[in-house]
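Take a look at the structure set out below.
Coordinate-derived values only; no laboratory data. All values reported here derive from a predicted model rather than from experimental measurement. Virtual Cβ from ideal backbone geometry, glycine too; neighbours counted across all protein chains shown.
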């Protein structure tokens, strides 16, 4: 087990290093000069050159790369060109809404999708089964910005149940901030629930046909126990996988959702950073997201090991 | 009066399918004496497994008992009709009064629970024991089915055991609540021959020690000869002959039974007639011929075979559903 963890850890480092490199290259492939963009159309060429020098953008690209990697290893992702602050500080300040948005929407998706998926599989072909599949298809097909706009119009503006957008302003307390995340979480959760529902249903259908489910019934237990103890634990393995994968969708989904609801999170930050050619912030966000993703993957695999003793490390 | 644990009469089971309802069992009747072993024999698709699932109340959702009675008399002497039980009533019977072992030991145990956990769950469901007493009983039971190092094997997962060991675990699980009736659905078919013999020995020994009755489902006449006191032969969803094992082999009354016996390879004979197959195939359930279902494949068939035929007593305790009144081969 320690060997396995070490191997995985080395793998993670390699992946993050690759992401680091790709992020560095891609942002520099994009046309546009950050110095010129920052100074605006009225700047003289000399101003631009001076700023480029100050930001280190005049150095050869390879030197920039080495400096970037050396910094990243020490936990220094550079300075934001726009905010004049360390990238780590900029990211940390924007992390809260994104983390809670991801968490709440995943929770919402799980709470909605798993019970319905299980029941739909159990009552295969029933009206509820058909309805759930159709709804899942619908939920997956409607883009989240549209659901977001509809919710804002009816649940926020007309009924006034939730704030329309924003994060409550600088003085908002924790509860007030979370209240601003309810609608975005539902919007993002709906999209993800579709995938989780279909997976839960499919994997449950497989398992319910297994011989050991028949054995469980032959032991004289309630259907509830057959499904929730004997079948669900087995069906859980593919469900864990899809929940892990869903995390990727959550991160990219957060960009759209944060934009629609004007949340000061990482999604909004990275979009603005791209528009401003704020290289260090773009790189920093990509690295953080990649690291999160790799960690979630590791957690998924460790969960397999805990659930299924047949899995060998 | 004899002590019958099971008296199945005119059992009909129908399945809903796309083309309408298909009758899988047509008036199946047989009886089982307490403490004895009845073998239910027949080809694939003859309705053996459907019969056992109907007894356990485990028919798939599209199947139902449409007629007939499943009279069962438990240890306490109370008689009940299993087909009239509701879900809760059946749960009390399954595992405690009637338990079942299946053909596939490899897939019949849940891969994510230890075998001790799965055997112990049976006790948890039906008996009021604390954790420690349960564990003790589980190890005793695993020991009784001759699993070496039972105490440590209780913590093993199914994938860590061989097929034969898993079938022993299944037997331990089925027997731990001391049921009156054990239904064994081809319990040795998936095992190789030496393991098969060990499992059959084990079942016989447990029967002597614990005194349960066994309904043994098989297509293997060799296993029948070894295990059964009584035999009921099934064909196309009906019992065509029931007798004691000795009478069935020595005084065969139904041509289908004769066919089955002749299709066992005979080592003494020349290669060409060592194994005589029954010509033709089992008719599909939705297109059964009128009268005797076996008539189209029967060497003795005549015009009368198109009339309905019922199970009648041809000799003492020997029933056959055939117009012939003499043993076959004639």
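What is the distance in Å between the Cα centroid of segment A:180-218 and that of segment B:76-101? So the two Cα centres are separated by 33 Å. Taking only the C-alpha atoms of chain B, the Rg (one decimal) and the largest Cα-Cα distance, Dmax (whole number), read 20.6, 68 Å. At an R0 of 30 angstrom, the distance between the Cβ atoms of residue A:67 and residue A:309 translates into a FRET efficiency of 0.05. Computed from the Cβ-Cβ distance with R0 of 25 Å, the FRET efficiency linking residue B:130 to residue A:228 stands at 0.60.
Taking the centroid of alpha carbons for each part, segment B:245-296 and segment B:174-206 are 26 Å apart.
For the protein assembly as shown, the alpha carbon positions stretch 118, 56, 56 Å along the principal axes, listed from largest to smallest.
Computed over Cα pairs, the Kirkwood radius of segment B:203-330 leads via Stokes-Einstein (0.890 mPa s, 25 °C) to a diffusion coefficient of 154 µm² per second.
Secondary structure note: in the protein assembly as shown, about 65% of the DSSP beta bridges are antiparallel. Ranked by how many other Cβ atoms sit within 10 Å of their own Cβ, fewest first, the residues A:281, A:296 fall in the order A:296, A:281. The helix-based estimate of mean residue ellipticity at 222 nm for chain B, built from -39,500 (n - 2.57) per DSSP H run of four or more residues and divided by its residue count, is -9000 deg cm²/dmol to the nearest 500.
Quick check: from the Cα gyration tensor, does segment B:1-110 come out rounded (a/c under 1.5), prolate or oblate? If you can, show how the numbers build up before the last one.
On the way: a/c = 1.45, a/b = 1.28, b/c = 1.13.
Note, shape of segment B:1-110 comes out rounded.
Springs join every pair of Cα atoms under 10 Å in this Gaussian network model of chain B, and among B:32, B:261, B:248 the largest mean-square fluctuation is at B:261. If you sort the three axes of the alpha carbon gyration tensor as a ≥ b ≥ c, you get a/c of 1.5 or more for segment A:94-307 and a/b above b/c, which makes it prolate.
For chain A, the 222 nm mean residue ellipticity estimated from helices alone, with every DSSP H stretch of n ≥ 4 adding -39500 (n - 2.57) and the total spread over all residues, rounds to -24500 deg cm²/dmol. By the beta-carbon count within 10 Å of each Cβ, the least crowded to most crowded order of B:306, A:210, fewest first, is B:306, A:210. Secondary structure note: in chain B, about 65% of the DSSP beta bridges are antiparallel.
Of the residues B:81, B:86, the one with the fewest other Cβ atoms within 10 Å heads the list, and the complete ranking is B:86, B:81.
Assign one of three labels to segment B:39-78, namely rounded, prolate or oblate, based on the Cα gyration tensor with a ≥ b ≥ c the square roots of its eigenvalues; rounded applies when a/c is under 1.5, prolate when it is not and a/b is larger than b/c, and oblate otherwise.
oblate
When restricted to Cα atoms, segment A:2-73 yields an Rg and a Dmax of 17.4, 60 Å, respectively. For segment B:140-206, the alpha-carbon coordinates run over 28, 27, 17 Å along the three principal axes, in decreasing order.
Highest mobility in the GNM of chain B, judged by mean-square fluctuation with C-alpha springs under 10 Å and restricted to B:218, B:188, B:312, is found for B:312. Find the centroid of the Cα atoms in segment A:244-313 and in segment A:3-34, then give the distance between the two in whole Å. Measuring centre to centre over Cα atoms gives 14 Å. Summarised in one figure, the compactness ratio Rg/Rh of segment A:165-215, Cα atoms and Kirkwood Rh, is 1.39.
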